[in-house]
1. Are there any pairs with C-beta distances below 8 angstrom linking a residue in the range 92-117 that is over 20 Å from residue 67 (Cβ atoms) to a residue that is at pLDDT below 75, with the two at least 6 apart or on different chains, and if so which?
2. Collect the residues in the range 92-108 that are crowded, with 19+ Cβ neighbours inside 10 Å and in contact with a Phe, Trp or Tyr (Cβ under 9 Å, 6 or more places away or on another chain), keeping them in residue-number order.
3. Taking the condition surrounded by 16 or more Cβ atoms within 10 Å (Cβ to Cβ), assigned to a strand (DSSP E or B) and of a type outside the set (S, T, N, Q), does residue 84 pass?
4. Quick one: is residue 96 at pLDDT 80 or above, aliphatic (A, V, I, L, M) and outside any strand (DSSP E or B)?
5. Which numbered condition in (1) in contact (Cβ under 8 Å) with a residue 60 or more places away in the chain; (2) under 17 Å from residue 17 (Cα atoms); (3) of a type outside the set (Asp, Glu) is the only one that residue 56 fails?
6. Taking the range 55-69 as the search range and keeping residues that are modelled with pLDDT of 70 or more, of a type outside the set (Gly, Ala, Ser) and crowded, with 21+ Cβ neighbours inside 10 Å, which one is nearest to residue 88 (Cα to Cα)?
7. I'd like to know if the range 10-17 contains one or more residues that are in a loop (DSSP other than H, G, I, E, B), crowded, with 16+ Cβ neighbours inside 10 Å and not β-branched (Val, Ile, Thr).
Amino acid sequence: MRFFLDEDVDVACRTALTAQGHDAWTTAGAARSGASDEDQVIYAHNEGAVLVTHDRELFMSRRSMPMGRVIRLDCWAEDGPDLLARHLPDVIHALARTPDLFLHFKTTNVSMRFGTEAPED
């Protein structure tokens, strides 16, 4: 699976994803630093990638642009790699089966919304 990491995501998340055999790259690596949230979502979608972010506003904006697959890590940046690695095996199957999926990873649980369902904060 392919993952595009927003600029607020610790680069150690890339290491956690590639260690599990996934293709992952950062905003800086794609020379997209400073691009708008909407542009990042469109870029990830066009690249067939899941966008990984800590950005609450980007995640909530999905209500007006329900396309692509987004994971919001709701934790401190340094806790992101462990949170991602812990929950990822449980959601890979869902990510592979649906074109539009919003995942909200918290330290206690993962919530999922499909298609045009509005993500919860």
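The values are calculated or read from the model by the stated rules, or taken from the named source; none is laboratory data. Quantities reported herein were computed from a predicted structural model and do not represent experimental measurements. Quick reminder, even Gly has a Cβ in these numbers, built from the backbone with ideal geometry, and neighbours come from all protein chains shown.
1. none
2. 101, 102, 104
3. Criteria not met by residue 84.
4. Considered against the rule, which asks whether it is at pLDDT 80 or above, aliphatic (A, V, I, L, M) and outside any strand (DSSP E or B), residue 96 comes out as no.
5. That leaves (2) as the condition not met.
6. The selected residue is 69.
7. Within the range 10-17, one or more residues are in a loop (DSSP other than H, G, I, E, B), crowded, with 16+ Cβ neighbours inside 10 Å and not β-branched (Val, Ile, Thr).
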